[in-house]
1. Could you go through the range 421-429 and let me know if any residue there is free of Cβ contacts under 8 Å to residues at least 40 places away in the same chain, open to solvent by less than 30 Å² (accessible area, probe 1.4 Å) and within 16 Å of ligand 2 (Cβ to nearest atom).
2. Output the number of residues of the range 356-395 satisfying the condition of being over 25 Å from Ser548 (Cβ atoms) and away from ligand 2 (no atom under 16 Å from the Cβ).
3. Can you tell me which residue among Val23, Val70, Val38 is in the same structural domain as Cys350 (by TED's automatic domain parsing), modelled with pLDDT of 95 or more and open to solvent by less than 10 Å² (accessible area, probe 1.4 Å)?
4. Quick check on my filter: what residues within the range 385-413 are part of a loop (DSSP other than H, G, I, E, B) and surrounded by fewer than 17 Cβ atoms within 10 Å (Cβ to Cβ)?
5. Does any residue in the range 42-54 that is in the same structural domain as Cys32 (by TED's automatic domain parsing) come within less than 7 Å, Cβ to Cβ, of a residue that is open to solvent by 20 Å² or more (accessible area, probe 1.4 Å) and not in a loop (DSSP other than H, G, I, E, B) six or more places away or on a different chain, and which pairs are these?
6. Could you run through the range 464-498 and say how many residues are over 18 Å from Gly600 (Cα atoms), β-branched (Val, Ile, Thr) and either assigned to a loop (DSSP other than H, G, I, E, B) or near ligand 1 (Cβ under 9 Å from one of its atoms) (or both)?
7. Please work out which residue is farthest from ligand 1 (Cβ to nearest atom), limiting yourself to the range 602-635 and to residues that are in a helix (DSSP H, G or I) and under 22 Å from Lys378 (Cβ atoms).
8. Hey, Gly500 hits all of (1) within 30 Å of Asn337 (Cα to Cα); (2) crowded, with 21+ Cβ neighbours inside 10 Å but one; which does it fall short on?
Amino acid sequence: MNELKHLLSPITIKKTEIPNRVVMPPMGTGLCNPDGTVNDALLAYMNRQASGGAGLIISEITAVHPSGLVSPFEVGAYDDKFIPGLKKFAEAAHAGGGKAVMQLHHGGRESAYLLKKGEAIGPSAVPSLVYRQEPREMTLEDIQEIITSFGSAAVRAMEAGFDGVEIHGAHGYLLTQFLSAISNKRQDQYGGSFANRARFVVEVLREVRVQVGEDTPILLRISAEEFIKNGYTVEDVQTIVPDLVEAGADVIHASIGTHGSPGGITSAPPEYDTGFNVWRAKKLKEVVSVPVIAVGRFNDPLGADDVIACGDADLVAFGRQQLCDPDYLIKARQGRNRDIRICIACNQGCIEREMLEAKSVRCAINPETGQELVYPRKPAAETRNVWIVGAGPAGLTAAYEANRLGHQVTLFEKEQMPGGNLLYACKAPFKQIYGDWIQWLIDQVKKAGIEIQTGTCVTDQMLDEAAPDAVIVATGGEKIVPPIQGIDLPIVCDAWQILGETVAPQKNIAVIGAGLIGMETATFLTARGSAVTLIDQLPKSPVTKFTSHGYGLHKRLRGDDCRFMFGTALQRIQEDSVTVITQGEENTLSSLDQVVLAVGMNPRDDLKSKLKENEIRHVIVGDALQVRRIMEATEEGARAAWEL
Ligand SMILES: Cc1cc2nc3c(=O)[nH]c(=O)nc-3n(C[C@H](O)[C@H](O)[C@H](O)COP(=O)(O)OP(=O)(O)OC[C@H]3O[C@@H](n4cnc5c(N)ncnc54)[C@H](O)[C@@H]3O)c2cc1C
Ligand SMILES: Cc1cc2nc3c(=O)[nH]c(=O)nc-3n(C[C@H](O)[C@H](O)[C@H](O)COP(=O)(O)O)c2cc1C
């Protein structure tokens, strides 16, 4: 048992006792109906999340006014028609015995949805840094209307049964747009000095306080630092927080970043340590006497306990960790820390899936999240003898899920070590956490009693001889070897040999292929002191800088002076050089010590025709179906098991 004395101690805000110091911070899901009403998928999600026992559950962004919607799939609180659904939502958020607070939100100019329709508003007509379009500047009447709408929405939250409200003043949405000198160019009482720019936030707080009364907890979420060139700093925020508390804030929730902050700092990638943002919470705590919530890559309840013990913050929020394993607190309480599925901060299933792919929330390594309605909880009606071929993310997930549902699982892996491509993916800088996750999954599979038959390559002959009821083909991809002159020379190796450390890196290296694997390999090499030229026939890398992972990769390679040659095709390889063609012109890169191939993978074809021929029920999942990412591998692996 872990004592977690500080984390599990209650705290009282106004007259509301919060049973422990663990906060589920607001996380938009995109699960509601397209008119902002609550539906069963959202309720099932919230119920499951709340069941983990966080003391304070803050619901996702909830629109106070239609002019502030960032998506049609944003929960609404701008009309009484939403109250019946919000009642059920509040009930679900109370499922684990914690208190529930609704987050009140207006997106201002950071709404691609309203910008497209020409309907977005903001403090000034300054274009969004992300969407590059400008909103209409708010009139004084608009300002008054939005302030009033925060108050009315707060009243609806209370009618629905929430215990309090959180005003979203962070992350570049309307309130931050007023606070920021970058987006607020107003000449009136709402612009100019920082105190003037904070006036809108102060008036929102005052209005909400008037509407909800003295005893209702009001939280204010604020980005303690804008984290953008010429943005406001934590020292600036220190000058206004006392006024914000005076205006009605009972708790300060110290987040970070704005739309356009580089590298997705708000939901930070693994380059940032767990709890990296606590020092800003501490800075704000220095100037106010109300409780402060710390947030930012927390995944360890023991570490969070220390944060509270040493007085740096009063409560700690676990965002993506909650999505990744809603039971993390239960497990920590029981001393089962090793069973906690630790968030890898990849953002693939959660925030980036929502923002970049306009899809609802998931988790790349927890197939239950966002799918609570379809996630099977009871054993399968008919159990099957299933073979799972391949112990990468897809096969391991399929094995775990199939076993959980009562099927009889045999899991094969042709290599000596299970883990698939994750054994290589975890080798680049800051990706050890991916290796920790795959090891966790291997351990969980073994703990569930599944034997992984390593060193066993499933063959057509084995399929002829045995007759499993079903086969899940999770055999992954096969490296592409381009038919190029010189490919067999000793100077040539591939990314897997480098990352797997079976071939030692040399000094002067050409990496062929600037996709994810090529870029990861290049950072691995530059981190070891090699000089790398990355060559790709495409005009630019397919790895986008819009993801936090891609941003970090590009930044590191630029910082390491990696040379990029795009629009350049490899022609042939010589003993210590390569010949390439750029825009029709042939060039030779000489004095090379090594040529590393990273030109991609194709789905592995083995077994597929035999399974068809023998009419064995089967499903192909993950990279074996189409070479993609962890998200698809785990999702398809799980679904295959659910649908056996
Ligand atoms: C260097 C590198 C970095 C990457 N970085 C990322 C990243 O940051 N984010 C991300 O989302 N994705 C990343 N990927 C991609 C990701 O690793 C894959 O999408 C994922 O591993 C696919 O999972 P899978 O289970 O389908 O296949 P794999 O992981 O390839 O696993 C397939 C397994 O099947 C085994 N096998 C094959 N044939 C047989 C057989 N006949 N019998 C028994 N076993 C067999 C193989 O040995 C292998 O272990 C990266 C990949 C690489 C190589
Ligand atoms: C899927 C997702 C949705 C989010 N939606 C919101 C939101 O609705 N309101 C908000 O204030 N922050 C939102 N955030 C930010 C989180 O509340 C949190 O501050 C951030 O993820 C950092 O915490 P973590 O490192 O523990 O994940 C969201 C984050 C994620 C991952």
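The values are calculated or read from the model by the stated rules, or taken from the named source; none is laboratory data. Computed from a prediction, not measured in an experiment: that's the story for all the values here. Note that each Cβ is placed from the backbone with ideal geometry, even for glycine, and that neighbours are counted across all protein chains shown. Ligands, DNA and RNA are stripped out before the accessible areas are found, and what is left, the full protein with its side chains, is counted by its heavy atoms. Shrake-Rupley method; radii C 1.70, N 1.55, O 1.52, S 1.80 Å.
1. No, the range 421-429 contains no residue that is free of Cβ contacts under 8 Å to residues at least 40 places away in the same chain, open to solvent by less than 30 Å² (accessible area, probe 1.4 Å) and within 16 Å of ligand 2 (Cβ to nearest atom).
2. 20
3. Testing whether each residue is in the same structural domain as Cys350 (by TED's automatic domain parsing), modelled with pLDDT of 95 or more and open to solvent by less than 10 Å² (accessible area, probe 1.4 Å) leaves just Val23.
4. Within the range 385-413, Gly406 is the sole residue that qualifies.
5. Leu43/Lys88; Gly52/Ile330; Gly53/Ile330
6. Of the residues in the range 464-498, 2 are over 18 Å from Gly600 (Cα atoms), β-branched (Val, Ile, Thr) and either assigned to a loop (DSSP other than H, G, I, E, B) or near ligand 1 (Cβ under 9 Å from one of its atoms) (or both).
7. Filtering the range 602-635 for residues that are in a helix (DSSP H, G or I) and under 22 Å from Lys378 (Cβ atoms), the one farthest from ligand 1 (Cβ to nearest atom) comes out as Glu635.
8. For Gly500, the failing item is (2).
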